[in-house]
1. Yes or no: region B:36-50 includes at least one residue that is under 26 Å from the mean Cα position of the chain (by Cα), assigned to a loop (DSSP other than H, G, I, E, B) and within 14 Å of chain A (Cβ to nearest Cβ).
2. What pairs come out if I take residues in region B:197-216 that are farther than 13 Å from B:TYR101 by Cα and within 14 Å of chain A (Cβ to nearest Cβ) and pair them with residues that are away from the ligand (no atom under 11 Å from the Cβ) and not acidic (Asp, Glu) whose C-beta lies under 7 Å away, six or more apart or interchain?
3. Scan region B:1-20 for residues that are buried (at least 17 other Cβ atoms within 10 Å of the Cβ) and of a type in the set (Asp, Glu) and jot them down.
4. Is it true that some residue in region B:123-132 is away from the ligand (no atom under 16 Å from the Cβ), touching a Lys or Arg at 6+ places or on another chain (Cβ under 9 Å) and of a type in the set (Lys, Arg)?
5. Among B:LEU108, B:LEU186, which is more than 14 Å from every other protein chain (Cβ to nearest Cβ), among the hydrophobic types (A, V, I, L, M, F, W, C) and either more than 15 Å from the ligand (Cβ to nearest atom) or touching a Gly at 6+ places or on another chain (Cβ under 8 Å) (or both)?
6. Quick check on my filter: what residues within region B:189-214 are farther than 29 Å from B:ARG166 by Cα and away from the ligand (no atom under 14 Å from the Cβ)?
7. Of all the residues that make up region A:58-97, how many are touching a residue at least 60 places away in the same chain (Cβ under 8 Å) and not in a helix (DSSP H, G or I)?
8. Restricting to region B:320-343, name every residue that is within 26 Å of B:ARG256 (Cα to Cα), in contact (Cβ under 8 Å) with a residue 24 or more places away in the chain, part of a helix (DSSP H, G or I) and not β-branched (Val, Ile, Thr).
Amino acid sequence: MKKEKLSIDDISLKDERFRISYYFPLDELILSIKKIGLINPPLVAFRDKHIILVSGWKRVLACTELAITHLPVFVVEEEDELEIFIKAFYENLATREFSLLEKAEILNRLIRFGEDEQNIVRHYMPLLNIPRTLPYLDSLMAISRLEPEAKRFIQENSMPFLPASLLAEFNPEERRLLFPLLSPLGQNKKKEILENLQDISRRIGTPAEKILSVQEILKIQSSEKLSSLQKAEKVCLLLKRKRYPAFSSWEESFESLLKKMRWPKEITIRPTPYFEDEEFSVTFTFENKEKFSANLLKLQELASREEFSKIFSLDYSFK
Amino acid sequence: MIESQYLPQKVYVEKQSFDFPLTKRILENLSQIPIEAIENPRDLIENIRISRNIREKGKTYLLLTRQKGEFVKPCPCTPYYIGCNYFIINLDLNCPLDCTYCILQHYLSNPLITVHVNLDDLWRQLDVFLRRNRAGILRIGTGELGDSLALDHLTENSKGLISYFREKRNVILELKTKTVNIKNILKIEPAQNTVIAWSLNSRRIAREEEAGAPLVEERIDAARRVAEKGFRVGFHFDPIIRYPGWEEEYGEVIKRLFNAVDPGQMVWISLGSLRFPPSLKTIIKERFPSTKIIFDELIKGKDGKLRYFKPLRLELYKKIIDLIKNWGGEKIPLYFCMESKEIWRRALGWVPKGQESLQAYLSSPFGPLKK
Ligand code: SF4
């Protein structure tokens, strides 16, 4: 590998065959280059009379932003593209963590450059902290083949493997409908929406696109009163009700009973998860004896009401 | 009765396993099948594990190797639910049938159909195990990590197991199957403490979710023949699966069962509803894209496994128990596999006080076991 100094304009950024990083923020890198310069030269290779970038997209783009005209590079002399890519891969592996999207792109390039599938599973996936199985490889390949909008969404939302691979199982039109719903939500809720939507769709044999286009959901989404987070949460709840109708009706019955009883906010009563056990738990906080006794009295009063026994009846037919 | 018996495409034999009588017997029964001697099964397993269609491929190969650890283990059951104090013999691993819901897809990292051939070690370990567990009646079976009879035409292990346990006073041996591979069983003198048990399901579930398994009618017919021969028989409605029309279709199977098999020969019927660890859902989704059973109202139970929401389970159990009782099973011990106390109480009207009480209940049809 030769070290050279090149004009940044001589590097063709159109050729993305070795590129694995997209949709990244440059601010920190720009700051670092401003302060201490470019420490780690990018790797380039000559192809069809052009100089193409092998690794260092972030660095080169940061230098462009800083209007740096010349930069040091290492020129890779190998002809074999797989060899070159592997070199770039190890160069990166030693210095930084890869995002999920980058991992997907790495696997995609390895396949594209002719690396054997089994070899990828055996050697590269553990290096990327991915379980050594073909289904994982397939899911990541599906992510790497997504349309740019979806890739950007995954990268910018730092989506972990599970929700990202679920997202990849929908079609582009469905994904387009999903982005505004998913973006205000945390990772767990994102996963919940995707899982519920897919499960409902498979159970009733209706495309997700159709499920998302029902009046109820369209009304929520077009509401001007609701924030995007409120809209997303409402749709999430709606899908949960469709996915778990019996459980949701139990939950609602339980809640409505508490409402009917005017259950005090400062005392929480909870069933076990999914009502799987018969027990309930009650919690309250107190800072002195008087508060404690007042809560106990309140509980005693609640327990003496007729409605209270309904909490324990298995058939929540009250509403 | 249609008997479609499993034949592997290839047999792998661990080099140190060639001399065991069981290896010789299996190879004699598979004289037309290519054989390859291997040094270390682990390398073979590893190679198959990272290839495509691991499970499908695994089922086409038979691996003969030695059990290097314990043959006998307590059934892992599941935490937080009532277990039935069952012991398992890890003689065969994996199964040539291919049920969508099969837990082995998730549980076993080795995808090959594997037979442990060092039977001498098994008998030795069993002697020690039984000496240590003299109190009460034990139930022990081979059908947890595979199907007890699916390979019996090759291994003929049913004969050895039944004769070994015939002499033992405080053990009930259960051979649990979905197959009709009963040729060897029909040649053996029935033993008082052996139960041949069938997993049953509705015709639709059997057809759509239990690939490679005989029709339910054929299983019931096999049970009839075995019961008529004088063996005690057991049945497992597990996993019970909900779908539109389930009640009627489970009813048909139960009616057929009681019309065919003498209830006096039935020693137990277990019930269990569909349940599986969440990671199995991903495997099922991928391997069986047309199945819908995993998209029903399954919630996360106390043990982390997905199972039907409690009232739905209760509805399933109550109806099936009624059907069993109505068709002549009122005296047959019924029990649940991996269920909560509440389900026991609400569906069966009692809760076992501990594993001993459950053991006593399940061994009640046997009376005192004699030598
Ligand atoms: S018969 Fe049992 S062991 Fe065999 S595939 Fe079906 S569930 Fe699994």
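1. no
2. Going by the 7 Å Cβ cut-off, there are no qualifying pairs.
3. Passing the criteria: only B:GLU14.
4. Checked region B:123-132: no residue is away from the ligand (no atom under 16 Å from the Cβ), touching a Lys or Arg at 6+ places or on another chain (Cβ under 9 Å) and of a type in the set (Lys, Arg).
5. B:LEU186
6. Within region B:189-214, B:SER202, B:ARG203, B:ARG204 qualify.
7. Number of matching residues: 10.
8. Once the filter is applied, which keeps residues that are within 26 Å of B:ARG256 (Cα to Cα), in contact (Cβ under 8 Å) with a residue 24 or more places away in the chain, part of a helix (DSSP H, G or I) and not β-branched (Val, Ile, Thr), region B:320-343 yields B:LEU323, B:TRP327, B:GLY328, B:GLY329.
The values are calculated or read from the model by the stated rules, or taken from the named source; none is laboratory data. Because the structure is a prediction, the values reported are computed rather than measured. As a convention, Cβ positions derive from the backbone with ideal geometry for all residues, glycine included, and neighbour counts pool all protein chains shown.
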